[in-house]
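Let me begin by presenting the structure, written as structure tokens, before commenting on it.
The values are calculated or read from the model by the stated rules, or taken from the named source; none is laboratory data. Model, not experiment: these values are computed from the prediction. We place every Cβ from the backbone using ideal geometry, glycine too, and count neighbours over all the protein chains shown. With ligands, DNA and RNA removed, areas are computed over all heavy atoms of the protein, side chains included. Shrake-Rupley method; radii C 1.70, N 1.55, O 1.52, S 1.80 Å.
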Amino acid sequence: MNFLEERILREGRVLPGNVLKVDGFLNHQIDVALMDQMGAAFYRRFAGVGVTKVLTIEASGIAIACSAARCFGVPVVFAKKSKSSNVGADVYSAEVASFTHGNVNQVIVSKRFLSPGDRVLIVDDFLANGCALNGLITIAEAAGATVAGIGIAVEKGFQEGGALIRGRGYDVASLAIVDAMDASTGAITFRQQG
Ligand code: 5GP
């Protein structure tokens, strides 16, 4: 079992509706040393792919992205949730349905911060149905950038996002993959990864 799986078992709570609550170290209070361990793990995994930017989505992806970006020595760009659907010509945008909030956000990245030469490592806290990743991929590719890899902290392997995104040929590395979880018992089962 790796450091993140251990921490999830110790402090994670399974809520009804397939939500894993990890607000004690990731989604509300942040354990910065744990972020650095995750950043280093993504660096080991993607060190050879020529990353020039780390791309994430606000809010919870930002902390992990910063730790990863420090290892790569590149900037973080985070997609912002825009209140207006009238977003203008100076941004790349995509619609992202929120798994946890049940609404749809327009997310934007300024055209100043992504370019055709960029090789982007996309990082996020959770992968569920893949909506957040789809939005980030759309934005990166609209800029003409290449998605060089995708690093996820917690993938819920019983939801469809991971299979869909890998099926499109993207290299997705998830530090913990939850294959099953039960809100009534609190049990969490991780996928064995090589
Ligand atoms: P997706 O877009 O893949 O359906 O869901 C991923 C996004 O929803 C992540 O950015 C994350 O913020 C949120 N999310 C999805 N499932 C969970 C979960 O079980 N727990 C938490 N804390 N966030 C989740």
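Confirm whether D118 is of a type in the set (D, E, K, R), away from the ligand (no atom under 16 Å from the Cβ) and in contact (Cβ under 8 Å) with a residue 40 or more places away in the chain.
yes
State yes or no: is T100 among the polar types (S, T, N, Q), buried (at least 20 other Cβ atoms within 10 Å of the Cβ) and within 11 Å of the ligand (Cβ to nearest atom)?
no
Quick one: would you say A69 is within 16 Å of the ligand (Cβ to nearest atom), surrounded by 15 or more Cβ atoms within 10 Å (Cβ to Cβ) and of a type outside the set (D, E, K, R)?
no
Looking at segment 67-84 only, could you name the residues that are within 23 Å of Q106 (Cα to Cα) and not aromatic (F, W, Y)?
Of everything in segment 67-84, those that are within 23 Å of Q106 (Cα to Cα) and not aromatic (F, W, Y) turn out to be P75, V76, V77, A79, K80, K81, S82, K83, S84.
Name the residue that is farthest from the ligand (Cβ to nearest atom), counting only residues in segment 125-152 that are in a strand (DSSP E or B) and open to solvent by less than 10 Å² (accessible area, probe 1.4 Å).
G149
Could you tell me whether R166 is over 14 Å from S60 (Cβ atoms), among the charged types (D, E, K, R) and more than 16 Å from the chain's Cα centre (by Cα)?
no
For S110, state whether it is open to solvent by less than 50 Å² (accessible area, probe 1.4 Å), among the hydroxyl-bearing types (S, T, Y), more than 14 Å from the ligand (Cβ to nearest atom) and without any contact (Cβ under 8 Å) to a residue 40 or more places away in the chain.
The answer is yes for S110.
Among the numbered criteria (1) within 16 Å of the ligand (Cβ to nearest atom); (2) without any contact (Cβ under 8 Å) to a residue 40 or more places away in the chain; (3) within 16 Å of the chain's Cα centre (by Cα), which single criterion is violated by N27?
Every listed condition holds for N27 apart from (2).
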